[in-house]
1. Can you work out which of the residues in region 40-49 that are more than 23 Å from residue 6 (Cβ to Cβ) and hydrophobic (A, V, I, L, M, F, W, C) is surrounded by the most Cβ atoms within 10 Å (Cβ to Cβ)?
2. Against the definition (in contact (Cβ under 8 Å) with a residue 40 or more places away in the chain, small (Gly, Ala, Ser) and surrounded by 11 or more Cβ atoms within 10 Å (Cβ to Cβ)), how does residue 37 come out, yes or no?
3. Test residue 28 against the criterion of being farther than 15 Å from residue 2 by Cβ, open to solvent by less than 60 Å² (accessible area, probe 1.4 Å) and out of contact with any Gly (no Cβ under 6 Å at 6 or more places or on another chain), and give yes or no.
4. Could you grab me the full set of residues in region 50-63 that are assigned to a loop (DSSP other than H, G, I, E, B) and either within 25 Å of residue 4 (Cβ to Cβ) or in contact (Cβ under 8 Å) with a residue 12 or more places away in the chain (or both)?
5. Taking into account only those residues within region 1-44 that are outside any strand (DSSP E or B) and under 9 Å from the mean Cα position of the chain (by Cα), which is nearest to residue 66 (Cα to Cα)?
6. One residue is enough: does region 64-75 have a residue meeting the conditions assigned to a loop (DSSP other than H, G, I, E, B), in contact with a strand residue (DSSP E or B) (Cβ under 8 Å, 6 or more places away or on another chain) and loosely packed, with under 15 Cβ neighbours inside 10 Å?
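The values are calculated or read from the model by the stated rules, or taken from the named source; none is laboratory data. Just so it is clear, the model here is predicted, and its values are computed rather than measured. All Cβ positions, glycine included, derive from the backbone under ideal geometry; neighbour counts span all protein chains shown. Heads up: the accessible areas ignore ligands, DNA and RNA and are worked out on the full protein's heavy atoms, side chains in. Shrake-Rupley method; radii C 1.70, N 1.55, O 1.52, S 1.80 Å.
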Amino acid sequence: MYNPSGTSISLAPCSIEVYNNGAVTPSTSLLLTGSLASNDVFVVASASESASILAQADATSSICQFNGNDAVALVKTDP
């Protein structure tokens, strides 16, 4: 997730959802917390990634275990 605005934004109303194998409902989701500073990115990685990737990650989660036929969505649940 990238914040191109001039102010920080809350991540609280956002989640990442994974739809496995063409499912119409999410198979798993990750609720985000905290805030994202202006011109910053939020990176989620699998806990089993290399140290160089984990050094860049803001969060680790098993939600990152998906393949090419799964849809991944960033969802804002609050207006």
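1. Within region 40-49, the match that is surrounded by the most Cβ atoms within 10 Å (Cβ to Cβ) is 45.
2. Working: in contact (Cβ under 8 Å) with a residue 40 or more places away in the chain: no; small (Gly, Ala, Ser): yes; surrounded by 11 or more Cβ atoms within 10 Å (Cβ to Cβ): yes.
No: the conditions fail for residue 37.
3. Numbers: farther than 15 Å from residue 2 by Cβ: yes; open to solvent by less than 60 Å² (accessible area, probe 1.4 Å): yes; out of contact with any Gly (no Cβ under 6 Å at 6 or more places or on another chain): yes.
Answer is yes for this residue.
4. The initial filter retains those residues of region 50-63 that are assigned to a loop (DSSP other than H, G, I, E, B), namely 50, 55-58, 61.
Answer for region 50-63, where residues must be assigned to a loop (DSSP other than H, G, I, E, B) and either within 25 Å of residue 4 (Cβ to Cβ) or in contact (Cβ under 8 Å) with a residue 12 or more places away in the chain (or both): 55, 56, 57, 58, 61.
5. We begin by selecting, within region 1-44, every residue outside any strand (DSSP E or B); these are 1, 3-8, 11-13, 20-27, 32-34, 37-40, 42-43.
Pick out the ones that are also under 9 Å from the mean Cα position of the chain (by Cα) and you get 1, 32, 42-43.
Working: 1: 18, 32: 18, 42: 19, 43: 16 Å.
Of everything passing the filter in region 1-44, 43 is nearest to residue 66 (Cα to Cα).
6. Quick first cut of region 64-75, residues assigned to a loop (DSSP other than H, G, I, E, B) only: 65-70.
With in contact with a strand residue (DSSP E or B) (Cβ under 8 Å, 6 or more places away or on another chain) added as a condition, the list becomes 66, 70.
Subset that is loosely packed, with under 15 Cβ neighbours inside 10 Å: none.
No: zero hits.
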